[in-house]
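K.L.:
Take a look at the following structure, please.
Any read-out appearing in this document is the output of simple, stated calculations on the displayed coordinates, not a laboratory observation. All figures in this text were calculated on a predicted structure; none of them were measured in a lab. A quick note on method: Cβ atoms are made from the backbone with ideal geometry, for glycine too, and the neighbour counts reach across all protein chains shown.
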Amino acid sequence: MRVNIMSFGFKFGSPREADLIMDVRFLPNPYFEPRLKHLDGENETVQSFVLNNRQTRLFLDKFLNLLDYLIPLYKKEGKAFLTIAVGCTGGRHRSVVVARQLFEHLKQVEHRVELNHRDIHQR
């Protein structure tokens with residue numbers, strides 16, 4: 001099965017092609033930190049800001065466990081493609097960091113995993 005991980009911004013609309021959508025707007029927002037606002041989630045400082053939060057770590061643990069449970073079930077049903085979309089407000093910070101974490105986790109067990117940051121360059 002091919003798994004596509006996509007980050008996006010809700011203010012630009014939810015992706016129609018998504019099979020699963022996770023809203024991460026409850027996580028700490030780097031946008032409100034002046035030194036991080038103009039960076040994106042591929043930046044290590046932004047990643048540290050998001051990932052070094054207890055709430056984020058607990059969420060990722062639970063979400064990754066859910067995906068580890070669901071993906072084999074989708075495979076068993078014969079699903080060839082699965083698109084997992086992770087959204088935050090603008091699609092530049094939190095969703096990018098979380099999508100990257102999903103990608104890094106899933107590529108260890110899935111042979112065909114892709115990562116796409118749909119709105120990372122939107123303003």
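K.L.:
Over the chain, with a single point scatterer placed on each C-alpha, what log10 of the ratio I(q)/I(0) does the Debye formula yield at q = 0.15, 0.16, 0.20 1/Å?
P.N.:
Reported log10 I(q)/I(0), two decimals: -0.63, -0.72, -1.08.
K.L.:
Let me ask something else about it. For a Förster distance of 25 Å, can you work out the FRET efficiency between the beta-carbons of Tyr69 and Glu104, rounded to the nearest 0.05?
P.N.:
Approximately 0.85, to the nearest 0.05.
K.L.:
Further question: Relative to the longest principal Cα axis of the chain, at what angle does helix 54-76 sit, 0 to 90 degrees, rounded to 10?
P.N.:
Long axis of 54-76 versus the principal axis of the chain: about 20 degrees.
K.L.:
How many nm is it between the label spots at Gln122 and Arg57, if each spot is 7 Å from the Cα in line with the beta carbon?
P.N.:
The answer from the label model is 3.2 nm.
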